[in-house]
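Heads up, the thing below is written out as structure tokens.
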Amino acid sequence: MTLTQPRTSPTPRVLVALILLALLPGVVAALVRALDGLIYATFNPWPLAAGLAIGTVLDILLFSRLPGFEVFEHELTHALAALVLFRRIDRFVVTVERGGCVVHRNGLGGELGNDFIALAPYTLPTFTLLSVLARPFVAGNWFPWFDVWIGVTFGYHVLSNFREIRTAWTRRRFRNAADGRLISTDIQGRGFMFSTVFIVTVSLAVLGLMLTIVGQGYLGALGWANHVGHTEVDLVQTVSQSAHALFSTPQ
């Protein structure tokens, strides 16, 4: 949870939500393409799949029971998102009973940057993303075990993220761990509709990018972006042609 509360009018957030909705078809198409690339290429997906299963079991039996671990990972994601936007972190609070909080300065991105920081834990699988970004530099003798590790971290993320979203999806206010003030949850503070669109679109985009990097390295990210763009262009052309055919006057 972050202490910076949104102060902007809803208009920019509506525009961002509309842009994200427009990008969603391209993001989904690129994700499907990335999955196809892993399944049908020479890449061996089984270590990832095994790690995913192991991570799911470990989360149920261990990670979800470790006092403060999930809170720490949640607040760490807030902090990393703030640092990406060159925000100064003033306080990093993690407690077992009262949750946690990251206090950061305003800066790059303005209020929309605050939205990104607030919703980052619900979209970014921190340990998985850092591992995937490091993967192209990992020595060959670390495989396939490094891919098993990546799967383990994502298995943890899937279940912990479900719990975090379920907890934050409420109108009930909480006492902030930093100063005891009553505040809204990250999701309620940004609005349930906006949060839904943001979480779904960004989560699928991040997953598609990670799978592409795993299968093709960093250069694959360019192909991912290109596929998103081509899908969007094709969709616009299809809609335009359909609208023209529907509203054109027969001769």
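Have a look at Leu124, Leu130, Leu119 and point out the one that is within 20 Å of Leu207 (Cβ to Cβ) and without any contact (Cβ under 8 Å) to a residue 12 or more places away in the chain.
Details: Leu124 fails: without any contact (Cβ under 8 Å) to a residue 12 or more places away in the chain; Leu119 fails: without any contact (Cβ under 8 Å) to a residue 12 or more places away in the chain.
So the residue among Leu124, Leu130, Leu119 that is within 20 Å of Leu207 (Cβ to Cβ) and without any contact (Cβ under 8 Å) to a residue 12 or more places away in the chain is Leu130.
Does Val197 qualify as being β-branched (Val, Ile, Thr) and under 18 Å from the mean Cα position of the chain (by Cα)?
Here the answer is yes, as Val197 does meet what is asked.
Looking at Ala22, is it assigned to a helix (DSSP H, G or I), touching a His at 6+ places or on another chain (Cβ under 6 Å) and either within 18 Å of Tyr122 (Cα to Cα) or modelled with pLDDT of 95 or more (or both)?
When the stated conditions are applied, Ala22 does not pass them.
Scan segment 167-178 residue by residue and report those that are part of a loop (DSSP other than H, G, I, E, B), free of Cβ contacts under 8 Å to residues at least 40 places away in the same chain and not hydrophobic (A, V, I, L, M, F, W, C). Walk me through how you get there before you give the answer.
So in segment 167-178, the residues part of a loop (DSSP other than H, G, I, E, B) come out as 169-173, 176-178.
Keeping just the survivors that are free of Cβ contacts under 8 Å to residues at least 40 places away in the same chain gives 169-173.
Selection gives Thr170, Arg171, Arg172, Arg173.
Name the residues in segment 54-67 that are surrounded by 14 or more Cβ atoms within 10 Å (Cβ to Cβ) and either of a type in the set (Gly, Ala, Ser) or outside any helix (DSSP H, G or I) (or both), would you?
Gly55, Ser64
Can you go through Ile19, Ile39, Ile117 and tell me which one is surrounded by fewer than 13 Cβ atoms within 10 Å (Cβ to Cβ) and under 21 Å from the mean Cα position of the chain (by Cα)?
Criteria check complete, one pass: Ile19.
I'm told Thr77 meets every condition in (1) touching a helix residue (DSSP H, G or I) at 6+ places or on another chain (Cβ under 6 Å); (2) of a type in the set (Ser, Thr, Tyr); (3) surrounded by fewer than 20 Cβ atoms within 10 Å (Cβ to Cβ) except one. Can you identify the failing condition by its number?
(3)
Taking the condition of being touching a residue at least 40 places away in the same chain (Cβ under 8 Å) and not aliphatic (A, V, I, L, M), how many residues in segment 58-109 meet it?
Of the residues in segment 58-109, 17 are touching a residue at least 40 places away in the same chain (Cβ under 8 Å) and not aliphatic (A, V, I, L, M).
For segment 99-141, name all the residues that are aliphatic (A, V, I, L, M) and either touching a Leu at 6+ places or on another chain (Cβ under 7 Å) or under 13 Å from Thr77 (Cα atoms) (or both).
Val102, Val103, Leu108, Ile117, Ala118, Leu119, Ala120, Leu124, Leu129, Leu130
Looking at Thr128, Thr95 in this structure, which one is hydroxyl-bearing (Ser, Thr, Tyr) and surrounded by 21 or more Cβ atoms within 10 Å (Cβ to Cβ)? Please lay out each step first, then the result.
Numbers: Thr95 fails: surrounded by 21 or more Cβ atoms within 10 Å (Cβ to Cβ).
Selected residue: Thr128, the only one of Thr128, Thr95 that is hydroxyl-bearing (Ser, Thr, Tyr) and surrounded by 21 or more Cβ atoms within 10 Å (Cβ to Cβ).
The values are calculated or read from the model by the stated rules, or taken from the named source; none is laboratory data. Everything quoted here is computed from the prediction, not taken from an experiment. Methodologically, a virtual Cβ is constructed for each residue, glycine included, from the backbone with ideal geometry; neighbour enumeration extends over all protein chains shown.
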